[in-house]
Amino acid sequence: MTCEEALKKLYEIVDNEASQKDKEEIKQHLEHCRHCMSRYDFENLFKKLICDKASTPCDTSRLKKNILDRIDQMENKPGSSFWNLFGLNLFTWRRNR
Amino acid sequence: MSDRKSGEIEKKQRFEAEALIHLDALHRTALRMTKNEGDADDLVQETYLKAYRFWDKFEEGSNCRAWLFKIMTNLFINNYRAKTRSPQVVDLQDIDDDFLFGQLSALGPADNPEQHFFAKVFDDDVKGAIDELPDDFKIVVVLSFLEGFSYQEIADITDLQIGTVKSRLHRGRKLLQKSLWQYALKNGFIKEPA
């Protein structure tokens, strides 16, 4: 396998999309080729860097609560919240009379 | 308790266990897509409400995470992208495949410039570089790099041909590398080779 052939499959290997056969052939090439090996190392590191640095966790607990509340509202139909409000107003209005 | 009520509770519990566990992943991707917290929260919330509405259509045992990302990607493309859409012309002619590798190698092997570079890049630089990508590239890059979806899964999520996924990912990579190189020069932890 030439360097050109080995580098053609670079991204497929890094993205874990290459076939077993390709993986083995490229592994063999890399054992003897420092240049290709360092390029592969580099692309692997680069992908890992992007993933690690862009994945800092956020607090999503409030968002989760909002979603569950909205689902509850959806389930408590018939009548949107507007009609519930209207019904409630009518009820208080009658009581006041 | 009525049958209807207990059915609702069961549905909600299943939804929480199978769909809401992916909240952090969806939120992380939504942040990169919309570039701001408010829109990201809205996008994720809309995604989950839509998923809940169509929960009966979701086949048990199939890939819930990919299904949620498909809903979110569609919502983003149809509702959010329109707001900020600008002509997305990108010239990649002058960027080689090994652009960043080449630049760093040229700095000389003595002080291990690659390790130096990777250690110095800030989280915000990486997020900024992703945010600056044209949406078409950004979507596939985020789905692949951050979420670890396969080419086929990304093709299913985005309704693109697998070849298009690959080429966008390839071009997205090049743009990211160029952009991070420019951050490094700007922040002064890499000096432009003479």
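Just checking the output field for B:34-42: average partner chain Cβ neighbours within 10 Å of each residue's Cβ?
So the per-residue partner count for this stretch is 1.
With unit charges on the beta carbons (Lys and Arg positive, Asp and Glu negative) and the dipole taken about the Cα centre of chain B, which residue among B:Phe117, B:Phe58, B:Ser144 sits farthest to the positive side?
B:Phe58
For chain B, find the longest principal axis of its Cα atoms and tell me its angle to the long axis of helix B:162-187, 0 to 90°, nearest 10.
With rounding to tens, the tilt is 50 degrees.
Of the listed pairs A:Lys53/B:Lys166; A:Lys48/B:Lys186; A:Lys47/B:Lys70; A:Lys65/B:Lys166; B:Lys70/B:Lys191; B:Lys12/B:Lys138, which have alpha-carbon separations greater than 31 Å here?
On the way: A:Lys53/B:Lys166 23 Å; A:Lys48/B:Lys186 23 Å; A:Lys47/B:Lys70 23 Å; A:Lys65/B:Lys166 37 Å; B:Lys70/B:Lys191 42 Å; B:Lys12/B:Lys138 33 Å.
Beyond 31 Å between Cα atoms: A:Lys65/B:Lys166; B:Lys70/B:Lys191; B:Lys12/B:Lys138.
Let's see if you can work this out: charge +1 on each Lys and Arg Cβ, -1 on each Asp and Glu Cβ, no other charges. What is the dipole magnitude of the protein assembly as shown about its Cα centre, in debye to the nearest 20? Could you put the intermediate results ahead of the total?
Values: 45 positive and 49 negative charges, 297 e Å.
Dipole size: approximately 1420 debye.
Treating the angle as unsigned and between 0 and 90°, give the value, to the nearest 10°, between the Cα long axis of helix B:23-34 and the longest Cα principal axis of chain B.
On a 0 to 90 degree scale, this one is about 50.
With the cut-off at 1.5 for a/c, could you classify region B:3-84 from its C-alpha gyration tensor as rounded, prolate or oblate?
prolate
Quick one: dipole size for region B:99-186, taken about the Cα centre, charges +1 on Lys/Arg Cβ and -1 on Asp/Glu Cβ, in debye to the nearest 20.
So the dipole magnitude of region B:99-186 works out to roughly 380 debye.
Using only the alpha-carbon atoms, how far is helix B:64-75 inclined from the longest principal axis of chain B? Give it as 0 to 90 degrees, nearest 10.
The angle comes out near 80 degrees.
Below 13 Å, Cα to Cα, which aspartates and glutamates can A:Lys9 reach? Residues fewer than 8 away in the same chain don't count.
A:Glu17, A:Asp22, A:Glu24, A:Glu25, A:Glu43, B:Asp97
When the Karplus curve 6.51 cos²θ - 1.76 cosθ + 1.60 is applied with θ = phi - 60°, which whole-Hz ³J(HN,Hα) does each residue of region B:52-62 get, with x for Gly and Pro?
Residue by residue, region B:52-62 yields 5, 4, 9, 4, 5, 7, 6, 7, 4, x, 7 Hz.
Give me the aspartates and glutamates in straight-line cross-link reach of B:Lys57: C-alpha distance below 18 Å, same-chain residues under 8 apart excluded.
A:Glu75, B:Glu8, B:Glu10, B:Glu16, B:Glu18, B:Glu46, B:Asp156
In nm, to one decimal, how far is the modelled label at B:Ser105 from the one at A:Cys51, with both set 7 Å along Cα→Cβ?
2.4 nm
Taken together, the values in this text are just the output of simple stated rules run on the coordinates, not laboratory data. Just so it is clear, the structure is predicted and the values come from calculations on it, not from any experiment. Cβ sites come from the backbone with ideal geometry, for glycine too, and all protein chains shown count toward neighbours.
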